[in-house]
Structures are given as C-alpha cells and as structure tokens.
1. Classify region 323-434: rounded, prolate or oblate, from the alpha-carbon gyration tensor (a ≥ b ≥ c, eigenvalue square roots; a/c under 1.5 rounded; otherwise prolate if a/b is larger than b/c)?
2. Any idea what angle helix 2-13 forms with the longest principal axis of the chain, computed on alpha-carbon atoms, 0 to 90 degrees, nearest 10?
3. Using +1 at the C-beta of Lys and Arg and -1 at the C-beta of Asp and Glu, which of Thr251, Leu165, Asn145 has the Cα lying farthest in the positive direction of the dipole of the chain?
4. Is there a quick way to get the dipole size of the chain? I mean about its Cα centre, with the Cβ of Lys and Arg at +1 and of Asp and Glu at -1; what is the value in debye to the nearest 20?
5. If packing is taken as the average number of other Cβ atoms within 10 Å across a peptide's residues, how do 98-108, 1-11 rank, most packed first?
6. Between 0 and 90 degrees, rounded to the nearest ten: what's the tilt of helix 221-231 against the longest Cα principal axis of the chain?
7. Considering only the other residues whose Cβ falls under 11 Å of the Cβ of Ile89, what net charge follows from Lys and Arg at +1 and Asp and Glu at -1?
8. Only Cα pairs under 8 Å and at least 6 apart count here; give the relative contact order of the chain as a rounded whole percent.
Amino acid sequence: MENEEIISNLIEAGYPAKDIQVINEAVFVGGDTRVTLQASREMLQAPPGSAEHYRTTNVVGPSVTKICLNPSDSFNEYPKLKLGLNMAIENYNALGLRFTFERGPTTGCSANIDMVTTTEDHSWTFFPALGLPHGTIYMTVLLANYELDINEHTITHEIGHAIGLRHTDYYNSAISCPSGYNEGDMGVGAILIPGSPEAAVWDGSVMNACPNFGSTGEFTQADEAALKALYGPSELPNCSNVDLTVFRGQTGAQGRCTCSPGASGTVWGTNLYTDDSNICTAAVHAGVISTSGGTVVVEIQPGQSTYVGTTRNGVTTNSYGAWAGSFRLIGAQVPQTPPICSSFNFLSYRGQNGTQIRCNCPTASLGAAIWGTDLYTDDSDVCTASVHAGVIASSGGQVTVTIQPAQGGYAGTTRNGVTSYSYGYWAGSISLSP
C-alpha cells in the first residue's frame, strides 16, 4: 500500500511511469535514487521559501550547517571507497557552501549521512526530506573493480542526490548513458538552477546520469556554479567582529566569516589556536587563505593544556600554556613535521586516556630518564622512551604518544641501547607508536 502511494505521488509529480522501478520492495527513480513515502508527498507541495531552489527533490534547509558522513565498518574495508569519500568531501568543502561536510564519527553535526555498502550492481540513495539530506547512501562494492577517480565520482554524485540534485541530463540520459530516456519535468522538479548551463553535455557534470569512465571525479565549472547558486552562503560577518570565546563548550560547531585583505593580529598555537587568536592571521598560518583575504570556516574545539607556536606561510604564532577554548580552520594544511615532543607537558593530559598526540623528535638523548617498558610514566622523556620502545632510532623521527591510565608498577629493562628504570605506582602513563 505504501509503495502504491509513492508511485501515485511520483506520477502526479510528473515522473514518467517507465522511470519508476520497484526493486527489493523499494521504489526508485532515475536508476539510483530511492524515494520514501514522506519525500514523495513533499514533491506535491513546494516547501515554504523554496521557490528559488532546484526542486526535483526536496532541499537541505538553512538549519543544516555541518553534514557528517559516517562510513560503516564494511565501507572502510574497501580502500577505494574509504579514500574516495575523503576526496568527495574535499570536492564539496572547496566550494564554500553554507554547510560543510566532515567524515565521522565526529561532533557538532546538524545532519548525518551513513555511508554503507550494498551488493547490488548500482549505488543509490534517497531524496532529502524535512529539510535534511537523507540519512543513508548505499555504495555498491563493485566499485572496487574501478579506478579511484570513479569511486570519488560516484560518491560525489550520490551525495549530490542526497542533498537534492538531480541528473543534469534528466531530459535525455542518452547524453551520458549508452541509451536513455526523458525523465520528465516531474511537475515541481525541473527548475534550472541560476547560473548553470541549460543543456547537458557528455562528461559535463558529476551529476550526469552515467559517468565517463575517464572521469577525474572533480566538479566541473558548471557543477560549481550550480551548487554555489543553490547552497551558497548568505551574507557573512567579518571575522574581526566575531568573538569565538562566547562559543566555548559547543565543540564541533562551525561558522563562516570573511577576512579582509591584509588583516593581522596575534595568534597562539598551531592547527589548534586559542579562541582569542586573530582568526584571519590564523587562517593564513593554517594555509586556508592568503594575505589577500577570503572566506574561512571555523570549528569550535575544546581548550588545550598547551599551544605550540610555529612559523608557517610567513606567519609566526606564539606558544602558550593551558587555555579554556580553541578553534581550528576547516581545510587547514597540516605541516609535514609536527611540533617537537619536548614542547608538550604530557602530565597535563592525565585522565584523557586514548588521546593521541603526534610529535617530532629531532634527536633522542639516550641518557634521559625514563621509567617502564612499553608503558612508561608520563614524566618520562618521550624521545628516549621511543628509542627504547623501538619506535624511532636515536637519530630521531616522528612518534604518536597515546595517553594511558595509571599503573601499579613499571618494570625497567635495557633495549636498543637504552636502559629504563623500574618504579612503583604512578598516576599517569604513555605508550608510543610510529
């Protein structure tokens, strides 16, 4: 009965009957878009304020600012899908839309999409409903047989459907497919997005019905223009007028602001900056804009026990101790070499078990004091302990420090030319890995 109503609603909305399929008791249109009962009902009435939108499907509402894409364990088992998702996220975030995408699990999400696998021979998703992108995208495992760019292309394409885009060659899918048909104007759906071309061409869009198997997976200029017209940000505040300290505690919340050319100010930290730092100077330091200014996306982060200053992109930031609030810049260029391990006070991370800090040992003194084996007291010299653990050579290298709970005792041993001490109970520990 539900499928009968969905099909009836689709026909009333303008879909040709030949474009409607029932597969495994679910209703599909366009070959790869599943339609729910709620979505089919919304097609028959334009949502308030949506007249300017591309209404072949329902659109993402203004309350959505951060869409989190959460891959399942089975999804992550396929390297091309796993990497293709990262590349698709970069495609969308590079456009500066009014919402951003981030790979989950993470916090501060105003909408979530689960990325799962299917053994069917095609990928598919649902239409948006109630102002939200649909919550699941199904990616066929057959993509493992294709190039990485095709995986990127297909994921980018399906995300497009989930946020309300339809095929650019809906009127003649033979433009991109071996054979095709006219999907119809769908009643409330075939509305041209301002600034986008009126005619589709082969390989002219990520949203063509079928991909060119030589596709790079990147948006074309037409894609970028359409997405910016549909989901571009409204007028943004100047970053110099934004006080990030009032957002403390809202970890993961994101906002946009603009930087004027030549903006300057004091900054503390690297990658994570104190929330009283100058946003625009931090953005230049992070590599997301140049000194000529631009739009940045700021994400609220919790306070840190220490902030390490570095010089990057012509900007020198300051070091600082504990501070109650932080932020990061989305799209920041993380440097090849992380901060020096000796700049961290690992005792201040006690209780944050499982937290990982990546740092660099330019050299390692074999005579510095360390206590334990494999698990070391958190006042041990990290670089010396890393040599003892076999993570790096005495010539130095990069390590990952993982915060561990207190131990009742620590056993000393001699390894790799380093002798560690034994000790009894100590309130905090660390482990080390490459």
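Please treat every number below as a calculation from the coordinates, not as lab data. Only a predicted model underlies this, so the values are computations on that prediction, with no experimental measurement involved. All Cβ positions, even for glycine, are placed from backbone atoms using ideal geometry, and neighbour counts span all protein chains on display.
1. Working: a/c = 2.52, a/b = 1.34, b/c = 1.88.
The shape class here is oblate.
2. So the helix axis and the longest Cα principal axis differ by about 70 degrees.
3. Thr251
4. Working: 18 positive and 37 negative charges, 316 e Å.
With only Lys, Arg, Asp and Glu charged at Cβ, the dipole is about 1520 debye.
5. Working: 98-108: 17.3, 1-11: 15.3.
The peptides rank, most packed first, as 98-108, 1-11.
6. 90 degrees
7. On the way: positive: Arg103; negative: Glu90, Glu102, Glu152.
Charge balance in the 11 Å sphere: -2.
8. Numbers: 1005 pairs, mean separation 44.6, N = 434.
Result for the chain is 10 percent.
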